[in-house]
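Enquirer: Okay, here's the structure, questions in a sec.
The values are calculated or read from the model by the stated rules, or taken from the named source; none is laboratory data. Bear in mind the structure is a predicted one, so any value in this text is a computation, not a measurement. So basically every Cβ, Gly included, is an ideal-geometry build from the backbone, and we count neighbours across all protein chains shown.
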């Protein structure tokens, strides 16, 4: 797709740096503090409206192929007497999507064995060929297991041939979906590739396409470890962070990681060709993005548990087929993942339900205009209560909250119970120098902290009544209902009615 066919956003931020809450925000158009799924495996509560709830009344099916990382609110469904084997129950269990094929990799293979069955059909044996074939390698000695979870194997090829690995498999399932909808418009398909998620294993020949000359040195400085912020220090102490701080680990994993990205790129080329061959290219809105990044050794971290750019800023490219949408533009606007849901509603001719949505439609930006009231600050948040860092820091569960507030130049990490972290993205774009403890920058910390507090006060919990309905209230509406409060006599009441 590239810069020539759509808009590339250079400052797109997810609403949480971990899979589950980030995805729930993209599907609901709401921040984690609003929808409540603040960590992986925290269910999205029954009653939260998702993309399907907004699009189906407009005549558009909302279909899933791949990963959601969704955990169903089973207790909530039982409380309301909703069975998961009904249409409503199935949608509540799948983030509002109708499932063409769900594949969450390790998280889902036991309950949705379609990919495992495919591998069995190709001759791969065992109870879990997702692990033992697609995400493992051939042992070279009697002491090796070849288990793909172990980082030492990342630069070796997976046991499955490339066509049977997860990314091309899901592409073929998307083509199967197109076959099932031949001649039918009116759908949104969430094609959600799993890779380059761990296990970091790529099939041949993607496993060794890239070598040391292909990547840059890690973004990190020894000063970051000298006297780190307590929470940052706790995350640097995690096993995965210690592993990726070793050059041998990073250099073993990167060939697979980059190869998996290249594999996605190649599969997207096949997908685009299929859309063009079917006459769908010029009437399909295409969004390419991710639910988070990966430190991979940057800032002495593994995984994605804080708000440095490698973790919380994601690629976002949108190809809008409308004639008035620009081609090849680059936008530096502050964009959030919660903007996608209202964008889809807007693009399909609906009115985004902003009593629910906390994001904003991106259509004006795709047309090359910048609304005067566009956001000045982007926010992301993280609940680390389930992490070992909480125990190391001896924090109360309710205090394990971090909020990122980022404007055009400055980025703040706001912590409950600890000082903030602050970065000057203009003079320190690599975020190597934390200014949060420097009195010279107290004013910037205070400004962005106030933005965090203002953001908290804007919580969107009044979702059953629209702003338009609220604006129709007042004394005139009350009197029209026959509720007459505070009037002295008939003349005063008559005068009021004449005036309104």
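Enquirer: Select from the range 251-268 the residues that are over 23 Å from the mean Cα position of the chain (by Cα), surrounded by fewer than 21 Cβ atoms within 10 Å (Cβ to Cβ) and under 23 Å from residue 193 (Cβ atoms) and list them in ascending order.
Expert: Matches in the range 251-268: 252 only.
Enquirer: Same structure again: If a residue must be within 30 Å of residue 57 (Cβ to Cβ), under 21 Å from the mean Cα position of the chain (by Cα) and part of a loop (DSSP other than H, G, I, E, B), how many such residues does the range 153-195 contain?
Expert: Residues in the range 153-195 being within 30 Å of residue 57 (Cβ to Cβ), under 21 Å from the mean Cα position of the chain (by Cα) and part of a loop (DSSP other than H, G, I, E, B): 1 in total.
Enquirer: Here's a follow-up. Go through 470, 479 for me and flag whichever is over 30 Å from residue 232 (Cα atoms), in a helix (DSSP H, G or I) and in contact with a helix residue (DSSP H, G or I) (Cβ under 8 Å, 6 or more places away or on another chain).
Expert: Residue meeting the stated conditions: 479.
Enquirer: Any idea which of (1) closer than 30 Å to residue 200 by Cβ; (2) buried (at least 20 other Cβ atoms within 10 Å of the Cβ); (3) at pLDDT 95 or above; (4) in contact with a strand residue (DSSP E or B) (Cβ under 8 Å, 6 or more places away or on another chain) is the one residue 286 doesn't satisfy?
Expert: (2) is the only condition that residue 286 fails.
Enquirer: On to the next question. Could you look through the range 430-442, keep only residues that are touching a residue at least 12 places away in the same chain (Cβ under 8 Å) and more than 16 Å from residue 226 (Cβ to Cβ), and pick out the one that is surrounded by the most Cβ atoms within 10 Å (Cβ to Cβ)?
Expert: Applying the filter and picking the extreme gives 441.
Enquirer: Moving on. Return yes or no: is residue 299 surrounded by 20 or more Cβ atoms within 10 Å (Cβ to Cβ), under 21 Å from residue 402 (Cβ atoms) and either outside the structural domain of residue 194 (by TED's automatic domain parsing) or touching a strand residue (DSSP E or B) at 6+ places or on another chain (Cβ under 8 Å) (or both)?
Expert: no
Table: residues versus (1) within 23 Å of the chain's Cα centre (by Cα); (2) at pLDDT 95 or above; (3) closer than 16 Å to residue 299 by Cα.
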| site | (1), (2), (3) |
| --- | --- |
| 393 | no, yes, no |
| 410 | yes, yes, no |
| 420 | no, yes, no |
| 428 | no, yes, yes |
| 431 | yes, yes, yes |
| 438 | no, yes, no |
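Enquirer: Regarding residue 414, is this residue modelled with pLDDT under 95 and either closer than 28 Å to residue 393 by Cβ or not assigned by TED's automatic domain parsing to the domain that holds residue 384 (or both)?
Expert: no
Enquirer: Considering only the range 39-97, give the helices (runs of 4 or more DSSP H) lying wholly within it that have at least 2 residues that are more than 23 Å from residue 14 (Cα to Cα) and in the same structural domain as residue 290 (by TED's automatic domain parsing).
Expert: Correct list: 74-79, 87-93.
Enquirer: Let me ask something else. Can you say whether residue 383 is surrounded by fewer than 17 Cβ atoms within 10 Å (Cβ to Cβ) and over 18 Å from residue 314 (Cα atoms), as far as the supplied structure shows?
Expert: The answer is no for residue 383.
Enquirer: I'm told residue 153 meets every condition in (1) crowded, with 20+ Cβ neighbours inside 10 Å; (2) under 26 Å from residue 190 (Cβ atoms) except one. Can you identify the failing condition by its number?
Expert: Answer for residue 153: the failing condition is (2).
Enquirer: Turning to a different aspect of this structure: Looking at residue 123, is it surrounded by fewer than 16 Cβ atoms within 10 Å (Cβ to Cβ), in a loop (DSSP other than H, G, I, E, B) and at positive phi?
Expert: Considered against the rule, which asks whether it is surrounded by fewer than 16 Cβ atoms within 10 Å (Cβ to Cβ), in a loop (DSSP other than H, G, I, E, B) and at positive phi, residue 123 comes out as yes.
Enquirer: To continue, here is another question. Conditions first: (1) outside any loop (DSSP other than H, G, I, E, B); (2) surrounded by fewer than 20 Cβ atoms within 10 Å (Cβ to Cβ); (3) at pLDDT 90 or above. Residue 144 passes all but one, so which condition is the exception?
Expert: Residue 144 satisfies all of (1) outside any loop (DSSP other than H, G, I, E, B); (2) surrounded by fewer than 20 Cβ atoms within 10 Å (Cβ to Cβ); (3) at pLDDT 90 or above except (1).
Enquirer: Can you spot a residue in the range 98-105 that is in a helix (DSSP H, G or I), in contact (Cβ under 8 Å) with a residue 40 or more places away in the chain, surrounded by 14 or more Cβ atoms within 10 Å (Cβ to Cβ) and assigned by TED's automatic domain parsing to the domain that holds residue 77? Spell out how you get there, then give the answer.
Expert: So the first thing to find is which residues in the range 98-105 are in a helix (DSSP H, G or I), and the list is 105.
This time we only want the ones that are in contact (Cβ under 8 Å) with a residue 40 or more places away in the chain, so: 105.
From the residues that got through so far, the ones that are surrounded by 14 or more Cβ atoms within 10 Å (Cβ to Cβ) too are 105.
Next cut, assigned by TED's automatic domain parsing to the domain that holds residue 77 only: 105.
Scanning the range 98-105, I find at least one residue that is in a helix (DSSP H, G or I), in contact (Cβ under 8 Å) with a residue 40 or more places away in the chain, surrounded by 14 or more Cβ atoms within 10 Å (Cβ to Cβ) and assigned by TED's automatic domain parsing to the domain that holds residue 77, so the answer is yes.
Enquirer: Among the candidates 149, 198, which residue alone is in contact with a strand residue (DSSP E or B) (Cβ under 9 Å, 6 or more places away or on another chain) and in a loop (DSSP other than H, G, I, E, B)?
Expert: 149
Enquirer: Could you look through the range 126-141, keep only residues that are in contact with a helix residue (DSSP H, G or I) (Cβ under 6 Å, 6 or more places away or on another chain) and in a loop (DSSP other than H, G, I, E, B), and pick out the one that is surrounded by the most Cβ atoms within 10 Å (Cβ to Cβ)?
Expert: The residue in question is 137.
Enquirer: Quick check on the range 198-232: of everything there that is out of contact with any helix residue (DSSP H, G or I) (no Cβ under 7 Å at 6 or more places or on another chain) and crowded, with 17+ Cβ neighbours inside 10 Å, which residue is farthest from residue 286 (Cα to Cα)?
Expert: Of everything passing the filter in the range 198-232, 229 is farthest from residue 286 (Cα to Cα).
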